[in-house]
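Novice: The structure follows.
The values are calculated or read from the model by the stated rules, or taken from the named source; none is laboratory data. Computed from a prediction, not measured in an experiment: that's the story for all the values here. Backbone-built Cβ (ideal geometry, glycine too); neighbour counts: all protein chains shown.
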Amino acid sequence: MNENKKDIRALSLNELEAYFSSIGEKPFRARQVYDWLWNKNARSLSEMTNLSKPLREKLEKYFVINPAEIHTVQKSKDGTIKNAIKLHDGNIVESVMIPTPKRTTACVSSQVGCSLDCTFCATARLIRMRNLSPAEIVDQIVLIDEQSRKYHQKPLSNIVFMGMGEPLLNYTAVTEAIRKITEDKGLGLSPRRITVSTSGIPKMIMKLADDTLKVKLALSLHSAIEKKRNQLMPFSKKFPLTDIVEALRYWYSRTKSRITFEYIVWKGINDQEEDIKALAEFCKKVPSKVNLIQYNSIDKGTYVQADIDVIEKYVSLLEKNNIVVKIRKSRGEDIDAACGQLANKH
Ligand code: SAH
């Protein structure tokens, strides 16, 4: 029905201005429409009540707004909510609302499925893949902000790009979405409350540093021993750790923002002294801290989280080397909403 019409949110402010002048309208109309789209989060053109009816009808002839919609909602015992979000073409991505007493974090997706092949991640098993548009990313955030206000009487406070997909492989849309949500009007979130998590694509890490968005960066490391890391994350064979370190150093020199290493400890994989030492050495190469994240099993047997005494060994050796380390518990496990469990099982 709407297939021949263009989603008006694909137009930049400049393009909107050009369009309005081409139909003989004043340029300020473009600002008004932009404001409806990105600050008031209008879900239809008919909501734009400060435009005349004839103008709205004209717009409706050529344009449409395709909002992402909540398809299903699952609530965890711990308050975490996992949303399956339906896109206009029927594809589904997942976004998670994670409440804590002090803040509400949105874990958002950047792609439908993922093109990377991390052997321990459920999303990697999905075949289909396309990039999300900036609007589809912003929609996830707006929907979670609404949920946070509704269930916790407070706005969304933090965003992590740790849902489905690799954000740095959908760079343009992700950074455009970040610009939209950090604009003064609308959500107006501080970029410092946004974390982009990457599997490690050196060139794009440097680009993100150059673009001075002021977001935080997390790197999924999981092993500081190249050979092991390549087994866990086969795509990373293309990106040697030395290149990643160089990109991270560049990141720090440009942003002065410490990098978080995400790290899972598995039985029989990276639970030895040599693994811990390698991580400690790696951390010394660039200002960083370590989040030891809990492994959420995605099938039986292949990967099993190491016992707590091994994790404590990690903590004590890292701390001995003056490296900040935290043990991160997962949320929403009972509904498969935890990291690496997003796989459209609903
Ligand atoms: N592609 C990006 C962002 C998505 S993954 C990245 O790799 O960083 C977000 C985080 O979840 C990553 O640190 C990833 O390694 C981790 N993860 C993947 N599968 C997991 C699982 N089964 N249990 C716990 N964390 C997992």
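Novice: Of everything in region 132-151, what is surrounded by fewer than 21 Cβ atoms within 10 Å (Cβ to Cβ) and either of a type in the set (Ser, Thr, Tyr) or not in a helix (DSSP H, G or I) (or both)? Give them in sequence order.
Specialist: Within region 132-151, TYR151 is the sole residue that qualifies.
Novice: Could you look through region 95-149, keep only residues that are among the hydroxyl-bearing types (Ser, Thr, Tyr) and within 11 Å of the ligand (Cβ to nearest atom), and pick out the one that is modelled with the lowest pLDDT?
Specialist: THR123
Novice: Applying the selection to region 80-131, what residues are under 16 Å from the mean Cα position of the chain (by Cα), small (Gly, Ala, Ser) and farther than 19 Å from LEU169 by Cβ?
Specialist: ALA84, ALA106
Residue-by-condition table, conditions (1) part of a helix (DSSP H, G or I); (2) more than 12 Å from the ligand (Cβ to nearest atom); (3) not assigned by TED's automatic domain parsing to the domain that holds ASP117:
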| residue | (1), (2), (3) |
| --- | --- |
| LYS203 | yes, yes, no |
| LEU208 | yes, yes, no |
| THR212 | no, yes, no |
| ALA218 | no, no, no |
| GLN231 | yes, yes, no |
| GLU262 | no, no, no |
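Novice: In region 157-199, what residues are part of a loop (DSSP other than H, G, I, E, B), out of contact with any Pro (no Cβ under 8 Å at 6 or more places or on another chain) and either more than 8 Å from the ligand (Cβ to nearest atom) or closer than 16 Å to MET97 by Cβ (or both)?
Specialist: Answer for region 157-199, where residues must be part of a loop (DSSP other than H, G, I, E, B), out of contact with any Pro (no Cβ under 8 Å at 6 or more places or on another chain) and either more than 8 Å from the ligand (Cβ to nearest atom) or closer than 16 Å to MET97 by Cβ (or both): SER157, MET162, GLY163, MET164, ASN170, GLU183, ASP184, LYS185, GLY186, GLY188, LEU189, SER190.
Novice: Look through SER190, SER236, SER253 and report the one residue that is hydroxyl-bearing (Ser, Thr, Tyr) and surrounded by 22 or more Cβ atoms within 10 Å (Cβ to Cβ).
Specialist: SER236
Novice: As an exercise: evaluate LYS203 against (1) on the phi > 0 side of the Ramachandran plot; (2) modelled with pLDDT of 95 or more; (3) more than 17 Å from the chain's Cα centre (by Cα) and give the number of the one condition it does not meet.
Specialist: Looking at each condition in turn, LYS203 falls short on (1).
Novice: Here's a follow-up. So, in region 97-116, exactly how many residues are within 14 Å of ILE141 (Cβ to Cβ) and among the hydroxyl-bearing types (Ser, Thr, Tyr)?
Specialist: 4
Novice: For the list (1) out of contact with any helix residue (DSSP H, G or I) (no Cβ under 7 Å at 6 or more places or on another chain); (2) surrounded by fewer than 17 Cβ atoms within 10 Å (Cβ to Cβ); (3) under 16 Å from ASP334 (Cβ atoms), I need the number of the one condition that VAL96 fails.
Specialist: VAL96 satisfies every listed condition except (2).
Novice: Still on this model: Does region 168-187 contain at least one residue that is modelled with pLDDT of 95 or more and in contact with an Asp or Glu (Cβ under 7 Å, 6 or more places away or on another chain)?
Specialist: Yes; the residues of region 168-187 include at least one that is modelled with pLDDT of 95 or more and in contact with an Asp or Glu (Cβ under 7 Å, 6 or more places away or on another chain).
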